[in-house]
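The values are calculated or read from the model by the stated rules, or taken from the named source; none is laboratory data. Keep in mind it's a predicted model, so treat the numbers as computed, not measured. With ligands, DNA and RNA removed, areas are computed over all heavy atoms of the protein, side chains included. Shrake-Rupley method; radii C 1.70, N 1.55, O 1.52, S 1.80 Å.
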Amino acid sequence: MRLLVTGTDIGVGKTWVACALARALIETGKSVVAIKPVETGCSGQPSKREDGVRLARATGQSQPGSAIIRLPDPVAPVLASERAGAEIDFDALVLKIERFSHGAEVALIEGTGGLLTPITWEWNMVDLARSLGAAALIVGADRLGTINHTLLTLSALELAGVPAAGVVLTTPEPKDQSAGTNAAAIARLSGVDRVLTLPRSGDDSAAAGLVAPVLEWLPRVGAPA
């Protein structure tokens with residue numbers, strides 16, 4: 001199974017969710033690879049703060065040990081690649097993800113930004129999911145605005161024919177008055193019953209336990225039971 005972990009925005013906790021989900025899957029005996037196709041705001045040697053490095057450490061994989069493509073400027077991939085003078089070859093990127101995923105029961109692919117973030121001027125993250133035959137797990141923050149952002153993301157997935165595994169909302173600090181109400185509102189408005197709100201934990205074992213309910217969603221979109 002391939003699962004794109006996408007966000008409704010930046011800074012919503014999708015790397016935390018992806019790492020926790022990787023650990024939870026490994027605890028059930030699954031072989032897992034976690035991949036960051038493109039990461040921006042990276043320069044020099046990969047550091048432990050980078051998303052791609054955090055994903056690799058979560059699974060213990062040797063390859064890839066960081067994002068497949070690392071770009072220095074913290075902007076959308078297409079803009080970062082233009083500034084770096086390095087055009088992204090979308091087809092080659094898909095082939096690399098497939099190669100790294102080979103042999104794994106589950107491949108977690110963490111997107112950059114939101115679902116429609118452009119990788120090139122022709123291709124975005126939803127195109128990547130469709131090319132890989134991946135379902136998508138949406139990650140948002142339990143705060144004002146997430147209802148709109150999540151519904152738009154669900155609509156884009158439906159339009160593209162990409163299955164939605166579910167929605168995970170992470171609890172931000174500080175909370176606003178919408179906290180605790182957004183998940184039920186999203187479920188009611190979208191008809192998607194797989195919506196979960198989670199507090200972020202810095203403890204790896206605790207984080208894996210928190211996302212364990214998400215594992216029950218995966219067979220519903222074609223994952224191995």
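Below, the figures for the structure above:
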quantity	calculated
Heavy-atom accessible area per residue - the stretch 52-108, 1.4 Å, Å²	51 Å²
Where N is the number of residues in the stretch 114-171, Cα Rg divided by 2.2 N^0.38 Å	1.12
Contour excess over end-to-end distance, with Cα ends at Leu189 and Glu158 and 0.36 nm allotted per residue	9.7 nm
Residues whose placed amide H lies under 5 Å from that of Gly113, excluding near-sequence neighbours	none
Value at 222 nm in deg cm²/dmol, rounded to 500, when DSSP H runs of n ≥ 4 in the chain each add -39,500 (n - 2.57)	-11000 deg cm²/dmol
5 angstrom amide H check on Val195, placed H, neighbours 5+ away	Val167
1.4 Å probe accessible area per residue over the stretch 135-184, in Å²	44 Å²
Percent carbon-and-sulfur accessible area, the chain, ignoring ligands, DNA and RNA, probe 1.4 Å	51 percent
At 0.692 mPa s and 37 °C, Stokes D of the stretch 115-225 from Kirkwood alpha-carbon radius, µm² per second	220 µm²/s
Heavy-atom accessible area order for Leu144, Leu95, Leu210, Leu55, largest first, 1.4 Å probe	Leu144, Leu95, Leu210, Leu55
Asp193 accessible area, assembled protein chains, probe 1.4 Å, Å²	100 Å²
C-alpha center-to-center spacing [the stretch 124-181, the stretch 49-86] in angstrom	21 Å
Accessible-area ranking of Asp89, Asp176, largest first, probe 1.4 Å	Asp89, Asp176
Radius of gyration and Dmax over the Cα atoms of the chain, both given in Å	16.3, 46
Amide H partners (placed H, <5 Å) of Arg2, local residues excluded	Ala107, Ala135
Net length gained if the chain between Lys96 and Gln63 were fully extended (0.36 nm per residue, minus Cα distance)	10.8 nm
